[in-house]
Every structure is written in C-alpha cells, then in structure tokens.
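The values are calculated or read from the model by the stated rules, or taken from the named source; none is laboratory data. Worth saying up front: this structure is predicted, and the values here are computed from it rather than measured. Neighbour counts are summed over all protein chains in view; Cβ atoms, including those assigned to glycine, are modelled from backbone coordinates with ideal geometry. Only protein heavy atoms, including side chains, enter the accessible area calculation; ligands, DNA and RNA are left aside. Shrake-Rupley method; radii C 1.70, N 1.55, O 1.52, S 1.80 Å.
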Amino acid sequence: MIIERHEDVTPAVLAVMEQTTDPRLREIMTSLVSHLHAFVREVGLTEEEFQSAAAILNEMGQATTDTHNEMVLMAGSLGVSPLVCLLNNGDNGATETQQNLLGPFWRMHSPPVDNGGSIVRSPTPGPVLFVSARVQDRAGDPVAGAEVDVWHSSPVGLYEHQDAEQAAMNLRGKLVTDDAGRFWFRTVKMAGYPIPTNTVVGRLLRAQHRHPFRPAHLHVLIFKEGYKTLVSQVYSPDDPHIDTDVQFGVTRALIGDFQRHDEPHPADAGVQTPWYSLDYTFTLEPGTARLPRPPIK
Ligand SMILES: [Fe+2]
C-alpha cells in the first residue's frame with residue numbers, strides 16, 4: 001500500500017496483522033498496533049523521543065545478564081507484572097489470590113532441606129525467624145508431597161548472589177510438605193531492599209521521585225502435580241515500605257503475621273531474643289503444575 005497521509009499508516013499495518021495465522025497472535029498484534037499508534041498520536045511523540053525510546057529498550061536488553069533482569073524490574077516498576085498476575089489468578093481476578101510476582105531472583109535447583117532444618121548456610125547475623133506453613137487445597141484438605149522453594153534476602157537486604165559475604169544458595173532451600181501438608185524451617189528475618197537502580201529503571205525512579213525499595217518478604221514457589229504452581233511472596237507488615245512497594249506487589253492477602261517474641265524461645269535456649277515466627281497457610285488452585293522460566297541462572 002502506498003501511504004498518502006499519516007491516517008493511512010494505521011489501517012495499512014492493521015491489514016497486514018490480519019494475515020497472522022495464529023488467532024491469538026493476531027489478536028494481540030492487532031490490539032498492540034492499535035494502542036501503540038493511538039499512544040503515538042495522543043502524546044505527539046517527537047522524533048527525538050522516538051529515538052530515545054529505541055535506545056532505552058536496547059539498553060534494557062543489554063543490561064540484562066545471567067544475574068540481572070532489567071525487563072522484569074521495569075515490568076514491576078510500571079505495574080504490568082502485578083496486573084497480569086491479578087488478572088490471571090483468583091478466578092481471573094474475581095476473588096482474592098495468593099499468587100504474586102516471581103521477582104528477578106528465583107534460581108532453579110535450590111538445595112533440599114528437611115522440615116525443621118535451617119536455610120542459613122553461612123554466618124548471617126540477624127534475628128532468628130521460624131517459618132511454619134501449611135499447604136492446602138481449596139477444600140481445606142492438606143496437600144502432601146508438594147515441593148516448596150523458599151528464598152529471601154538477608155537481614156541487610158541482599159540475596160546471596162549479590163553478596164560476597166554469603167555462601168552460595170544461602171537463604172534458599174527446597175522443602176517437601178508432610179502428610180499434614182506442612183513445611184517448616186529456620187532462617188533469619190529478611191529485610192527490605194532497593195531494587196538495582198544503576199540503569200534504566202533507576203533513572204525512571206529518580207525522575208519520578210520514587211524510592212527504590214521493596215518491603216521485606218519471603219518468596220515461596222509451591223509445585224505439585226494437579227495444581228497450578230503457586231508463586232507467592234509473604235510480606236512483613238513492620239516494614240516501613242509495606243504500602244509503597246516500588247514493584248506494586250503487596251496485596252492484602254499476602255501480609256503475613258510475623259510475630260516478634262521478646263521472651264526466650266521455649267525449646268531452644270540458644271535462640272537470642274528477640275526472635276520471630278511466621279505462620280501462614282497457602283491454598284493451591286486446581287490447574288497445571290509448571291515451573292516458570294528462571295529469570296537468572
Ligand atoms: Fe525478593
């Protein structure tokens with residue numbers, strides 16, 4: 001098609017989108033082109049801004065490595081990943097869900113840990129945290145034999161792969177639920193942390209006067225055949241950023257009952273006070289068990 005005027009461009013592009021054989025790809029590309037062209041018209045995008053946009057996307061790709069995923073950070077910073085999560089879970093957004101962001105730091109092959117064991121693999125100063133959780137189905141019956149990946153930041157807010165002080169796979173582990181659907185382990189209380197701000201996302205946050213912090217949270221991934229894999233985070237309500245998460249991930253359902261204890265631990269005199277406990281129940285929805293693509297190696 002020979003383009004006569006700017007009004008001709010959008011219909012010309014939409015016409016070729018119509019040739020897409022895959023109906024879902026056709027739907028997505030047609031809508032994307034419609035919204036993208038409308039956006040360009042609405043803001044009156046200049047040539048300079050368009051060139052900047054291309055450079056920014058290139059920079060985000062180049063900034064993404066085996067240990068850093070700038071795309072995931074940007075998707076969270078724009079609220080796209082939490083929106084996708086909430087629209088695709090809890091009966092497609094109709095009911096509360098415990099599904100949450102995977103985040104950029106899940107690693108496959110976390111080391112196995114027995115229930116009652118510790119995921120602290122190298123000296124990690126900080127208050128002790130005992131996590132005790134139950135995995136159930138929608139009827140409230142226990143889900144036994146579920147594989148549970150847990151991972152979290154240290155008490156100074158660093159994941160092991162970001163911190164030379166921590167042993168490999170520190171504060172990461174894989175547990176299996178018992179016949180009562182329970183899993184439990186010992187760790188240290190995690191802290192909130194700033195997302196990496198040395199490239200594109202950081203410049204955006206500074207331009208918008210936003211802080212870069214995520215509130216403290218425990219990541220959980222629960223895998224069991226016959227159920228939709230639950231990717232979740234449980235947030236600590238005492239964190240100063242609990243209601244201003246830079247990634248928009250905190251939902252009411254995922255604010256955990258982190259209890260502070262100033263009395264001695266009843267069973268272990270070696271636990272310093274204060275120590276913390278977290279009890280939480282995860283509910284699996286029926287569906288397909290599928291592991292996500294690891295954002296880092
Ligand atoms: Fe995290």
Which of the following residues is acidic (Asp, Glu), modelled with pLDDT under 95 and over 17 Å from the mean Cα position of the chain (by Cα): Asp22, Asp91? Asp91
Taking the conditions exactly as written (within 16 Å of the ligand (Cβ to nearest atom) and on the phi > 0 side of the Ramachandran plot), does Gly157 satisfy them or not? yes
Could you pull out the residue among Asp245, Asp239, Asp262 that is modelled with pLDDT of 95 or more and exposed (fewer than 15 other Cβ atoms within 10 Å of the Cβ)? Asp262
Quickly run through region 130-166 and pick out the residues that are farther than 24 Å from Tyr227 by Cβ and either in a loop (DSSP other than H, G, I, E, B) or touching a His at 6+ places or on another chain (Cβ under 9 Å) (or both). Phe130, Ser153, Ser154, Pro155, Val156, Gly157, Leu158, Tyr159, Asp163, Ala164, Glu165, Gln166
Going by the conditions given, is Ser34 in a helix (DSSP H, G or I) and open to solvent by less than 40 Å² (accessible area, probe 1.4 Å)? no
Surrounded by 11 or more Cβ atoms within 10 Å (Cβ to Cβ) and either part of a helix (DSSP H, G or I) or among the polar types (S, T, N, Q) (or both): does that describe Glu49? yes
Which one of the conditions (1) farther than 21 Å from Trp275 by Cβ; (2) open to solvent by less than 10 Å² (accessible area, probe 1.4 Å); (3) in contact with a Pro (Cβ under 7 Å, 6 or more places away or on another chain) does Gly173 fail to meet, given that it meets all the rest? (1)
For region 131-138, indicate whether the set of residues that are modelled with pLDDT under 95, closer than 22 Å to Gly256 by Cβ, surrounded by 12 or more Cβ atoms within 10 Å (Cβ to Cβ) and of a type outside the set (Asp, Glu) is non-empty. no
Residue count, region 195-211 (criterion: under 15 Å from the mean Cα position of the chain (by Cα) and either within 11 Å of the ligand (Cβ to nearest atom) or modelled with pLDDT of 95 or more (or both)): 1
Failed condition for Val271, given (1) open to solvent by 30 Å² or more (accessible area, probe 1.4 Å); (2) more than 15 Å from Val150 (Cβ to Cβ); (3) hydrophobic (A, V, I, L, M, F, W, C): (1)
What is the residue count in region 58-87 for residues that are closer than 21 Å to Thr281 by Cα and away from the ligand (no atom under 16 Å from the Cβ)? 1
Looking at region 203-215, can you tell me whether even one residue there is farther than 24 Å from Val80 by Cβ and touching a Ser or Thr at 6+ places or on another chain (Cβ under 9 Å)? no
Test result for Gln166, of a type outside the set (A, V, I, L, M, F, W, C) and under 23 Å from Asp239 (Cβ atoms): yes
Does any residue of region 62-76 turn out to be of a type outside the set (Ser, Thr, Tyr), out of contact with any Asp or Glu (no Cβ under 6 Å at 6 or more places or on another chain) and assigned to a strand (DSSP E or B)? yes
